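Each remark here refers to the structure printed beneath this line.
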Amino acid sequence: MKKLNRLVSICLLALLAAACSGGGRSTMTAEEYLQQNVSVWNAASTPAVRWLGGDRAEEFSKVLQQRKGMSRYQPQFAGLRRELAANTTVTQAFPPPADAAALHADMLAYLKSVDAAFAKLEEMGKLPDGYSDQQFGSLSTDMERLIGEVDTKAIAWNAAQKAYAKQHGITLQETGG
């Protein structure tokens, strides 16, 4: 997974460098920007889905119920946050087309919400073995709220991508899941 995320980051950098160096342009075309935007979506949403509601969330939940072994997850969450930060930095390095400001804002809002959720998971990873209900209580409540925010931001970003693609006559290829 780590190699895949690095590969995605490298591909993002290459795509952005190629897009922004062509013909002395200072911004990408609508199609180039949408390709970059979808790449960021794929890089961020894959781990978010796995850890906030998928197979890794189930595994993590079982460990939470056992109230021991949380520390083994902390480095994974820290790594996810570093990768997300790197992708966010790359994304912010290149200006979007003028008409993509709303889409860009939705993307950054989603990335921020995923980072907040991963930060909370990282905090959970710091729980000591045998932690109390009181130690876990607010973390659990915060995590439920953050997962809801991630979902809300994902829906808004997805809708913005579709609207931007439609506005520019670009066909998005969607995959199931």
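The values are calculated or read from the model by the stated rules, or taken from the named source; none is laboratory data. Given the structure is predicted, the values throughout are model-derived calculations rather than measurements. Glycine also receives a Cβ, built like all others from the backbone with ideal geometry; neighbour counts cover every protein chain displayed. In case anyone asks, the SASA skips ligands and DNA or RNA and just uses the protein heavy atoms, side chains included. Shrake-Rupley method; radii C 1.70, N 1.55, O 1.52, S 1.80 Å.
Rundown of residues vs (1) within 17 Å of the chain's Cα centre (by Cα); (2) within 16 Å of GLY53 (Cα to Cα); (3) of a type in the set (Val, Ile, Thr), yes/no style:
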residue	(1), (2), (3)
PRO97	no, no, no
LEU108	yes, no, no
LEU111	yes, no, no
SER138	no, no, no
ILE147	yes, yes, yes
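Taking the listed residues TYR110, TYR131, the one that is out of contact with any strand residue (DSSP E or B) (no Cβ under 8 Å at 6 or more places or on another chain), part of a helix (DSSP H, G or I) and in contact (Cβ under 8 Å) with a residue 12 or more places away in the chain is TYR110, with no other qualifying.
Out of the residues in segment 104-113 that are farther than 12 Å from GLN36 by Cα and hydrophobic (A, V, I, L, M, F, W, C), which is least open to solvent (accessible area, probe 1.4 Å)? That would be LEU111.
Residues in segment 170-177 include none that are of a type in the set (Gly, Ala, Ser), surrounded by fewer than 17 Cβ atoms within 10 Å (Cβ to Cβ) and in a helix (DSSP H, G or I). Scanning segment 114-126 for residues that are open to solvent by 10 Å² or more (accessible area, probe 1.4 Å), more than 15 Å from GLU83 (Cα to Cα) and in a helix (DSSP H, G or I) yields LYS120, GLU123.
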